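Take a look at the structure below.
The values are calculated or read from the model by the stated rules, or taken from the named source; none is laboratory data. Note that the coordinates shown come from a computational prediction; the quantities given were computed from them, not determined experimentally. Counting neighbours? That spans all protein chains shown, and the Cβs are built from the backbone with ideal geometry, glycine included. Side chains included, ligands, DNA and RNA excluded: accessible areas come from the protein's heavy atoms. Shrake-Rupley method; radii C 1.70, N 1.55, O 1.52, S 1.80 Å.
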Protein chains: 2
Amino acid sequence: MSDPLSLTFAALADPTRRAILARLSEGDATVNDIAAPFEMSLPAVSKHLKVLEGAGLITRSRSAQWRPCHLEAAPLKDADGWIARYRRFWDASFDRLDDYLRELQAGDPDKKS
Amino acid sequence: MSDPLSLTFAALADPTRRAILARLSEGDATVNDIAAPFEMSLPAVSKHLKVLEGAGLITRSRSAQWRPCHLEAAPLKDADGWIARYRRFWDASFDRLDDYLRELQAGDPDKKS
DNA sequence: CAGTTAATTAACTTATCGGTTTAATAATGC
DNA sequence: GCATTATTAAACCGATAAGTTAATTAACTG
């Protein structure tokens, strides 16, 4: 029933899940590794991972008895795309034209750095 | 109990509330104006507005018996700031240096946060 | 095989969410 | 004062969220 963007924002609306994504931004990790810093049970962390997976923010592979988690940024890109339309409200340098140009750049696969 | 960022993402995790913000991005509006496009009761919309207000995404003033709603983008800026750290994962043109330069550009013009 | 480690599932509790209908508050206009 | 309009509050409901503990699955190891 929930659209992808709602799933993404809902997944991000929890500090534990945001911390998990931050951890994964430094590299893949197993469930136990991910759970270690948190003062909650392993099943609780497992549920958070399920929410993140449901939102497409992580994927899980299998390696023996471990299930390494991997960050998937595509939904974050979509969330960013939604927020981008409001940038002009907080940043004077992003007026409508700038915003349009930025979206062009973001959507263009050629790499001009 | 919820931190501001969680409140913001939770508020965005509903298509009705996102549509309300989109409407307000075109100008202030009263509750009835906001509710008109939706197939739900007025109290339901009023509750959504309360959630948005609780997240700091809107403010409400009073003008006679109307309560015009106004978009407040500051929490969106914070949400964007959180997501920004992941930009390098989906956009090759935003490597760490580009990201740093972007934040400089975004942070300089108005220093009100 | 038995034992250990990794992770998930099941069952349950408590709280919050998103909606409803009905009632109340607040301001305007006659 | 009384009716009308705008908005919120109260009470309620079903579904979902976030956590727990206990049990289960899955894979490795001696």
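So the values come out like this:
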quantity	calculated
Restricting segment A:1-11 to residues that are under 16 Å from B:ALA10 (Cβ atoms) and assigned to a helix (DSSP H, G or I), the residue that is farthest from DNA strand D (Cβ to nearest atom)	A:LEU5
Residues within segment B:24-78 that are over 18 Å from the mean Cα position of the chain (by Cα) and within 10 Å of DNA strand C (Cβ to nearest atom), tallied	13
Some residue of segment B:102-113 being open to solvent by 20 Å² or more (accessible area, probe 1.4 Å), within 14 Å of chain A (Cβ to nearest Cβ), farther than 21 Å from A:LYS77 by Cα and at pLDDT 95 or above	no
Count of residues meeting criterion [more than 13 Å from chain A (Cβ to nearest Cβ) and of a type in the set (S, T, N, Q)] in segment B:1-58	4
